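Okay, structure first, notes after.
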There are 2 protein chains.
Amino acid sequence: MIGIKSIASYVPTAGLDNYVQGAKFGKDEAFMFGKIGASFLPRKAAEQETSDLCVEAARALFANNPELDPQAIDVLIVVTQNGDEEGLPHTAAIVQDKLGLSTRVAAFDVSLGCSGYVYGLYAIKGFMQAAGLKNGLLITADPYSKIVDPEDRNTTMLFGDAATATWMGENAVWQLGEARFGTDGSGAEHLKVSDGTFFMNGRQVFNFALVKVPAHLHELLEASGLQSADIDAFCIHQGSAAIVDAVARRFEEQHPEKFVKDMLETGNTVSSSVPLLLQKHMLDSSWKRVAISGFGVGLSWGSAILYRD
Amino acid sequence: MIGIKSIASYVPTAGLDNYVQGAKFGKDEAFMFGKIGASFLPRKAAEQETSDLCVEAARALFANNPELDPQAIDVLIVVTQNGDEEGLPHTAAIVQDKLGLSTRVAAFDVSLGCSGYVYGLYAIKGFMQAAGLKNGLLITADPYSKIVDPEDRNTTMLFGDAATATWMGENAVWQLGEARFGTDGSGAEHLKVSDGTFFMNGRQVFNFALVKVPAHLHELLEASGLQSADIDAFCIHQGSAAIVDAVARRFEEQHPEKFVKDMLETGNTVSSSVPLLLQKHMLDSSWKRVAISGFGVGLSWGSAILYRD
């Protein structure tokens, strides 16, 4: 079965000291650590385009997996809502060219935000199965530094730039299990770009996540015939330290520590946050079963079980 | 198997008399008919957003298929590069809300241009199979009137606004067969938006299509173990009358009439052109096997066989 064979990432080394930024808005280090969750926010260079972040992540993936011939990639999906160009062409086409991939690759962008990796996994696996393809590259790259107003205290302390690349193929250790998805466009206004600037109604988004995500995870477990105890770790979108903690507490009071929290050096990296967690914590673990969940722009959410035999 | 159960469309009744527009650029009716291929270009109203076109097409689909409960839709993909908002949120979330679909729907946009319907078919079928979903809505809506400069003679005579909605599900008459895809981002500059305005290098795009599409169709047939004589009709992207004619001649000199040409009242409707042809010419036909091909922005192309038993 087609599953996750490898994950790599690119996190810019340059960025903002978020404690310094917090101080500017009157926030102390305890708040920045405990509520925001990020002491550092990586920032792409001004001359780096979204496709360049994709290319860096893909090159890291190729370097880690010498058995993967880049010319064998036959499908490339880029999950982004901040691509290189103004709508067209799609960023995936630019990445195909910059990586020197075969022109026989099926390449397209999926427009989703923080829920995007969960959807992207099923989109690329499904596309590969439906079209008879063998090696997929699922890339996430949504550099919010392009759209966040550095004077907006509701957003500028939260988001970091990053990209990830996931190799999907046969004989993978990690398989995709049951999944559940959801969309509520009536909340679209809570997370949107207007006149080039990102706006977030933080309270509404926090409440949405706190109500929706624990219930969605419970529903997913029930549909999978699993108990919470069967899950070794919950790798959910790292929106902020406060939201991860609140979802963990609401979901299950006994073992909130199973909700992985690791965003101190990255911040909220949108659709890259879940694959960053999986790369760092799942791939080399002894875990057997992991629940993932992404939630955000749309509003949109998706949760899934990853497992190995 | 999941296949195409129904296709509906929305074509605005208002629009431009393209003969009048042609005269403005010194083009006579013979040229507009024979080379451009459109005497009329439908135009959405200024207050209509992309999501509104999607909603109209979906409502037409629901009206034609009373057995389809809109609440049973569990996945919605919008193929567009001219969505409602500036990158985020995705248009599919807005359509979910405007149509009053269940919040249990998986909704996302696929960013592709004229090749988008071919990719979209395999993306939605694959996603449904990978995630265990039952009723999919594949919508195309890419209103180029948002980005075309009415003074640009290379583009303003070509594009019409339209939207289509395809119901994907089990027990479908039309099934998806073999497919082939391709991407060449080195040609991205030939079709792109800069500062809000669409630019096309018509000569480069024409040459690309003329070289690529006939060869791609031959490759698809070979991979499918089919001869040209096994195909009842070729429904390829209606870029212009000239490109459809040129591809048809180059592909097979004996029966160029099997290349359906029907764009006189619509113009080039981007990702809607192939489903418009299928709706009008395939669904009620006695055809057994149809080849489809889309090509354009990216550069990107995709070709597939649709068949029924």
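Tabulated results
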| read-out | value |
| --- | --- |
| Check on B:Gly177, in contact with a helix residue (DSSP H, G or I) (Cβ under 7 Å, 6 or more places away or on another chain) and either crowded, with 18+ Cβ neighbours inside 10 Å or more than 23 Å from B:Ile243 (Cβ to Cβ) (or both) | yes |
| Where B:Gly132 falls short, out of the listed (1) at pLDDT below 95; (2) at positive phi | (1) |
| Residue, nearest to the chain's Cα centre (by Cα), within the range A:180-208, restricted to residues that are among the charged types (D, E, K, R) and farther than 19 Å from B:Ala107 by Cβ | A:Arg203 |
| Selection status of A:Ala229, of a type in the set (A, V, I, L, M, F, W, C) and surrounded by fewer than 19 Cβ atoms within 10 Å (Cβ to Cβ) | yes |
| Residue ID - nearest to A:His218 (Cα to Cα), chosen from residues in the range A:170-179 that are more than 8 Å from chain B (Cβ to nearest Cβ) and under 19 Å from the mean Cα position of the chain (by Cα) | A:Gly177 |
| Among residues of the range A:128-153, those that are more than 30 Å from A:Gly196 (Cα to Cα) and either among the polar types (S, T, N, Q) or not in a loop (DSSP other than H, G, I, E, B) (or both), counted | 6 |
| For B:Val270: the one exception among (1) away from every other protein chain (no Cβ under 14 Å); (2) closer than 21 Å to B:Lys280 by Cβ | (1) |
| Output for the range B:96-127, where each listed residue is facing chain A (nearest Cβ under 7 Å), buried (at least 23 other Cβ atoms within 10 Å of the Cβ), of a type outside the set (Lys, Arg) and outside any strand (DSSP E or B) | B:Gln96, B:Val105, B:Leu112, B:Gly113, B:Tyr119, B:Tyr122, B:Ala123, B:Gly126, B:Phe127 |
| Selection status of B:Leu158, among the hydrophobic types (A, V, I, L, M, F, W, C), in contact with a strand residue (DSSP E or B) (Cβ under 8 Å, 6 or more places away or on another chain), modelled with pLDDT under 95 and under 30 Å from B:Ala14 (Cα atoms) | no |
| Residue that is nearest to A:Ile2 (Cα to Cα) [pool: residues in the range A:156-166 that are within 17 Å of the chain's Cα centre (by Cα) and not aromatic (Phe, Trp, Tyr)] | A:Thr166 |
| Number of the exception - B:Gln71 against (1) more than 8 Å from chain A (Cβ to nearest Cβ); (2) farther than 23 Å from B:Glu170 by Cα | (2) |
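The values are calculated or read from the model by the stated rules, or taken from the named source; none is laboratory data. Just so it is clear, the model here is predicted, and its values are computed rather than measured. When we count neighbours, we look across all protein chains shown, and the Cβ atoms used for this are built from the backbone with ideal geometry, even at glycine.
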